[in-house]
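The values are calculated or read from the model by the stated rules, or taken from the named source; none is laboratory data. Because the structure is a prediction, the values reported are computed rather than measured. Methodologically, a virtual Cβ is constructed for each residue, glycine included, from the backbone with ideal geometry; neighbour enumeration extends over all protein chains shown.
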Amino acid sequence: MEATTVSKDWKLVRDLIPDIIRKSGRDPEIRQLGGDELIAALGAKLVEEAQEAADVVGSRDDLVEELADVREVMAALMAVRGITDQEVADAAAAKARDRGSFGSGVWLASPTTYLDKQQFLEWAYHDLRANTLRGVLAEYIVAKALGTLNTKRVEWDKYDLRVDGIGVEVKSAAYVQSWGTQPSTISFDISPTIGWDASTNTYAASAERSAAVYVFCLLTGTNREHVDPLDVAQWKFYVLSTSELDRQVPEQKTIRLGPLKALGAHPCTYDELKAAIDAAAAVNRGS
């Protein structure tokens, strides 16, 4: 797996931004896009800037700033695609002539049988502190650290994640829950199970810990008002090879934080996750 995919979020920026960053004493990591890659990045940037403009329509000054960004992205995209201002103006005039404009405020009811997926997700999964959803978020965080987001999550597979042939089991816990007011006791499920292999549609012959590596994810905050599960800096991770779990606690179903540390689980940050998982996988292979 390429190291450049780990723990980095790339985005398209104005071309003077790297110089501004250097003047602040930092050394930015950049690369130059071109061709289809640049076109795709400009398309995504246009959506981003349009959304930012939509978010500030109530403020005239802010709207001017955001529309300037929209115009800049449009100009860059038109240049890359070889589209002239006159072509766009002619297309706009033709649409206005044939279908009218938006300024008069005509608001049309548009019946549909197709529901909005994003609206559903926001309605159903808004509380990331809920146990089940926090567990899925922990899997996403580990997958992002490993650079494997292109492989989508499979519900009930015997591994939470697969990376370079390694099965990874992800467990999560938190002091602050969506319910209750007192900090929770930290405990992780480590039960051997009869796993289902999604790739072969078969079940294991007996209960076992199928993955090679366990990643225990702890959302560390204790102040309900400041806990943010999307801030990876608020998480701490403990990585342990399955061979060590099987050697030291072969039949145990749950484990608390103290005993987990005593087993030798490696504590690490988000940026250190991939290296820790690779190391634990090597231990498991050598067992």
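Okay, here's what the table says:
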read-out	value
Any hit, segment 267-279, residues being more than 18 Å from L146 (Cα to Cα) and assigned to a strand (DSSP E or B)	no
Check on D228, of a type outside the set (G, A, S) and closer than 26 Å to A279 by Cα	no
Candidate set: segment 124-167, residues that are more than 21 Å from Q234 (Cβ to Cβ), of a type in the set (V, I, T) and more than 11 Å from the chain's Cα centre (by Cα); chosen: the one surrounded by the fewest Cβ atoms within 10 Å (Cβ to Cβ)	T151
Yes/no for V64 being under 24 Å from L230 (Cβ atoms) and surrounded by 11 or more Cβ atoms within 10 Å (Cβ to Cβ)	no
Test for N150: is it polar (S, T, N, Q) and under 30 Å from N223 (Cβ atoms)	no
Selected residue [over 24 Å from T151 (Cα atoms), free of Cβ contacts under 8 Å to residues at least 12 places away in the same chain, aliphatic (A, V, I, L, M) and out of contact with any Ser or Thr (no Cβ under 7 Å at 6 or more places or on another chain)] from L16, L46	L16
Filtered residues of segment 200-236 (kept if closer than 21 Å to R162 by Cβ and either in contact (Cβ under 8 Å) with a residue 40 or more places away in the chain or not assigned by TED's automatic domain parsing to the domain that holds L263 (or both))	A204, R209, S210, A211, A212, V213, Y214, V215, F216, C217
Odd one out for I83, checked against (1) modelled with pLDDT of 95 or more; (2) assigned to a helix (DSSP H, G or I)	(2)
Check on Y214, under 21 Å from G147 (Cα atoms), touching a Pro at 6+ places or on another chain (Cβ under 6 Å) and assigned to a strand (DSSP E or B)	no
Hits in segment 127-144 - residues which are modelled with pLDDT of 95 or more and either in contact with a helix residue (DSSP H, G or I) (Cβ under 8 Å, 6 or more places away or on another chain) or not assigned by TED's automatic domain parsing to the domain that holds Y270 (or both)	I141, V142
Among residues of segment 249-287, those that are among the charged types (D, E, K, R) and within 24 Å of V232 (Cβ to Cβ), counted	6
Residue identified as outside the structural domain of Y270 (by TED's automatic domain parsing), within 30 Å of the chain's Cα centre (by Cα), in a helix (DSSP H, G or I) and more than 29 Å from A143 (Cβ to Cβ) among D62, D36, D15, D90	D62
Subset of segment 221-237 [assigned to a loop (DSSP other than H, G, I, E, B) and exposed (fewer than 12 other Cβ atoms within 10 Å of the Cβ)]	N223, E225, H226, L230
